[in-house]
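Visitor: The following block contains the structure, expressed as structure tokens.
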Amino acid sequence: MKKVLSVDDSGVMRRIIGRTVEVLGYGFLEAANGVEALEVIARNHEEIALVILDVNMPEMNGFEVLSRLKADPVLKAIPVMMLTTEADRPRIIQAIQAGAVNYLCKPFQADDLTVKIAESLGEGF
Amino acid sequence: MMADAISATEFRLLRDLIERLCGIALGDEKTYLVETRLAPLLAENGCQDFGAFYRLVSSDPSPQLRDKIVDAMTTNETLWFRDTHPFSILRDRLLPQLAADLSQGSRFRIRIWSAASSTGQEPYSIAMTIHEFCRSNPAVRPDQFEILATDISPSALFVAKLGRYDQAAIARGLPEPLRDRYFHQEGHVWTVNDELKRMVTFRKFNLQDPMEALGRFDIVFLRYVAIYFSDGFKRQIYGGIARLLAPEGHLIISAVESLRGISEDFQQLTHGSGSYYQCQLS
Ligand SMILES: C[S@@+](CC[C@H](N)C(=O)[O-])C[C@H]1O[C@@H](n2cnc3c(N)ncnc32)[C@H](O)[C@@H]1O
């Protein structure tokens, strides 16, 4: 089963994303920080269809995780969606330039999250 | 590297482009909205400034980039039985008359259009209202009703067609007895039952496109989408709907919208504190 990985230091946010991912019929993986994320990705990269990366995390933030993934010849193929706040918008542009496929600003409505994740997975009608 | 800020000319060009693509009309005060929502698309396409982005879109005939612009500018927010009134109007006013027509044989099938259906809450709420009505009026059957649900967003349609919702989405406006009757639960996911799904057909449709091909309707729901459109586009849409409706067919809009000064083709009717519109064209 193809899976979506949520990387977020907030357990509440990971749970919200996990449920949305389940709704879309994908499996779910989670990581609470950037280092853990890289481990999970290294172990499961073949079945990961999308990584949803929170920008603001202590230690290794979302941008650093993104640039490590994009620097790896194998892992760079995994689509990444960034989760951010209004205040981070200028930096989001850098993330898109670095290869992120989509982004969503917090706070968001449940329907917008579902549609954004579906878009990032390339699911359309 | 940051893209240059949007200039007044670039804003006007992109504003017009957005209006051509999906009808969303943006005043000058929405400059920041265009700037912040489109900036990631500039970056993705390697454009230094909004002018370069505009030239790229203008020279690119493929729908992908245009779809992305529309997705960036629209919102999909919706909920079950939104505003409540439309669904009591359907149950108490519209369905009894249509049911009488069906049982007298003056009509064979009732067609309803949910014209900006987002992730499906509106068309499935209509389907539930009809199902409930049929339970207490055995002379009519759900298969005598057809609901067409359309939206411009392929991803919103994908979610709608799946008919799967998480706890947070399911809780917004859906009474528990209806949830338990029309959905089944697996873990955190609630899925619409097949009997309801069978009543709804999903299809991609841009409200700017000619509506005639969709056929005739007895009732049209057009809610929380015209608020984003210019008066000119609203006139075009409501005019199109008036011609699409069966004689004396009905239009239901949201609590925050109005046809005043926009369309003369409809008569406003009230039911409790809610209102709805009847087509005056014959
Ligand atoms: C806020 S939702 C409203 C959903 C539902 N009608 C309700 O009242 O809850 C607005 C929807 O309109 C759609 N939309 C925007 N412009 C459109 C267009 N030109 N044609 C068709 N759908 C459009 C968006 O994709 C979005 O799903």
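Visitor: Report, to the nearest whole %, how much of the accessible area of chain B belongs to carbon and sulfur atoms, 1.4 Å probe, protein only. Could you put the intermediate results ahead of the total?
Guide: On the way: 6070 of 12360 Å².
With neighbouring chains kept in place, the figure for chain B is 49 percent.
Visitor: Something else: Along the principal axes of its C-alpha atoms, what lengths does region B:8-74 span, in descending order and rounded to whole Å?
Guide: 27, 23, 17
Visitor: Can you give me the accessible area per residue for chain A, using a 1.4 Å probe, in Å²?
Guide: 41 Å²
Visitor: If you wrap a convex hull around the C-alpha atoms of region A:14-108 and split its volume per residue, what is the figure in Å³?
Guide: Expressed per residue, the convex hull around the Cα atoms of region A:14-108 is 94 Å³.
Visitor: Computed FRET efficiency, Cβ-Cβ of A:R68 and B:R198, R0 45 Å: what is it to the nearest 0.05?
Guide: 0.40
Visitor: Could you tally the net charge around B:M199, taking each other residue with its Cβ under 15 Å from the Cβ of B:M199, Lys/Arg +1 and Asp/Glu -1?
Guide: With Lys, Arg at +1 and Asp, Glu at -1, the neighbours total +2.
Visitor: Normalising by the residue count of region B:85-279, find the relative contact order in percent from Cα pairs under 8 Å and 6+ residues apart.
Guide: Relative CO of region B:85-279 lands at 22 percent.
Visitor: While we're on this one: Suppose a student asked you for the relative contact order of chain A, using Cα pairs under 8 Å spaced at least 6 residues apart; what percent would you report?
Guide: Working: 199 pairs, mean separation 28.2, N = 125.
Result for chain A is 23 percent.
Visitor: Let me ask another. Between B:R141 and B:E186, how high is the FRET efficiency from 1/(1 + (r/R0)^6) when r is the Cβ-Cβ distance and R₀ = 30 Å? Nearest 0.05.
Guide: In this case the efficiency is close to 0.55.
Visitor: Chains B and A: buried accessible surface, both sides, probe 1.4 Å, rounded to 100 Å²?
Guide: Interface between B and A: roughly 2700 Å².
Visitor: For chain A, what % of the accessible area comes from carbon and sulfur atoms, probe 1.4 Å?
Guide: Result for chain A: 52 percent of the exposed heavy-atom area is carbon or sulfur.
Visitor: Which residues of region A:11-43 end up with at least 30 Å² less accessible area in the presence of all protein chains than when their chain stands alone, using a 1.4 Å probe?
Guide: Checking the loss per residue gives A:R19, A:E22, A:V23, A:L24.
Visitor: Can you compute the helix-only [θ] at 222 nm over the protein assembly as shown? Use -39500 (n - 2.57) per DSSP H run of at least 4 residues, normalise by all residues, nearest 500 deg cm²/dmol. Working shown, then result.
Guide: Values: 17 runs with 174 residues, N = 407.
Rounded to the nearest 500, it is -12500 deg cm²/dmol.
Visitor: Dividing the convex hull volume of the alpha carbon atoms of the protein assembly as shown by its residue count, what do you get in Å³ per residue?
Guide: Taking the convex hull of the Cα positions in the protein assembly as shown, it is 147 Å³ per residue.
Visitor: Right, here's the next one. How high is the FRET efficiency between B:E29 and A:N44 when r is their beta carbon distance and R₀ equals 35 Å, given to the nearest 0.05?
Guide: 0.15
Visitor: Where does each of B:Y224, B:Y32, B:Y277 land when they are ordered by accessible area, with a 1.4 Å probe and the largest first?
Guide: Most to least solvent-accessible, the answer reads B:Y32, B:Y224, B:Y277.
Visitor: Let me ask something else. With both bridge residues required to lie in the protein assembly as shown, what share of the DSSP beta bridges run antiparallel, to the nearest 5%?
Guide: Working: 16 of 52 bridges.
The antiparallel proportion sits near 30 percent.
Visitor: Something else now. Which angle from 0 to 90°, rounded to the nearest 10, does the C-alpha axis of helix B:50-59 make with the longest principal axis of chain B?
Guide: On a 0 to 90 degree scale, this one is about 60.
Visitor: Quick check on chain B: of the DSSP beta bridges with both residues there, what percent are antiparallel, nearest 5%?
Guide: On the way: 16 of 33 bridges.
Roughly 50 percent of the DSSP beta bridges within chain B come out antiparallel.
Visitor: How much accessible area per residue does region B:118-267 have, counting only protein heavy atoms and a probe of 1.4 Å, in square angstrom?
Guide: 41 Å²
Visitor: Oh, and also: Any residues in region B:125-163 that have 30 Å² or more less accessible area with all protein chains than in their chain alone, probe 1.4 Å, and which are they?
Guide: By number: B:P154, B:S155, B:F158, B:V159.
Visitor: Sketch the reach of a paramagnetic label on B:E257 as a point 7 Å from Cα along Cα-to-Cβ, and name the residues of region A:84-120 whose backbone nitrogen lies under 20 Å away.
Guide: Answer for region A:84-120: A:111-112.
Visitor: Under a Cβ-Cβ cut-off of 14 Å, what is the net charge of the residues other than B:P154 that fall near it, where Lys and Arg count +1 and Asp and Glu count -1? Please report the intermediate quantities before stating the final value.
Guide: Details: positive: A:K116, B:R66, B:K68, B:K161, B:R203, B:K204; negative: A:E119, A:E123, B:D67, B:D71, B:D151.
Its environment carries a net charge of +1.
Visitor: So how far apart, in nm, are the two label points at B:Q267 and B:A168 if each is 7 Å from Cα heading toward Cβ?
Guide: That separation, rounded to one decimal, is 4.6 nm.
Visitor: Got the relative contact order for region B:240-282 handy, in percent, Cα pairs under 8 Å and 6 or more residues apart? Walk me through the numbers on the way to the answer.
Guide: Numbers: 51 pairs, mean separation 21.6, N = 43.
Contact order relative to length: 50 percent.
Visitor: Only protein chains counted, 1.4 angstrom probe. Which residues of region A:103-123 are at least 30 Å² less accessible in the assembly than when their chain is isolated?
Guide: A:Y103, A:Q109, A:A110, A:D111, A:D112, A:V115, A:E119, A:E123
Visitor: So who's got an amide H within less than 5 Å of the one on A:T85, skipping anything under 5 residues away but keeping other chains? H placed 1.01 Å off N, in plane.
Guide: The list, which skips near neighbours in sequence, is A:K106.
The values are calculated or read from the model by the stated rules, or taken from the named source; none is laboratory data. Just so we're clear, the structure is a prediction, and the values are computed from it rather than from any experiment. All Cβ positions, glycine included, derive from the backbone under ideal geometry; neighbour counts span all protein chains shown. All accessible areas refer to the heavy atoms of the entire protein, side chains included, with ligands and DNA or RNA removed. Shrake-Rupley method; radii C 1.70, N 1.55, O 1.52, S 1.80 Å.
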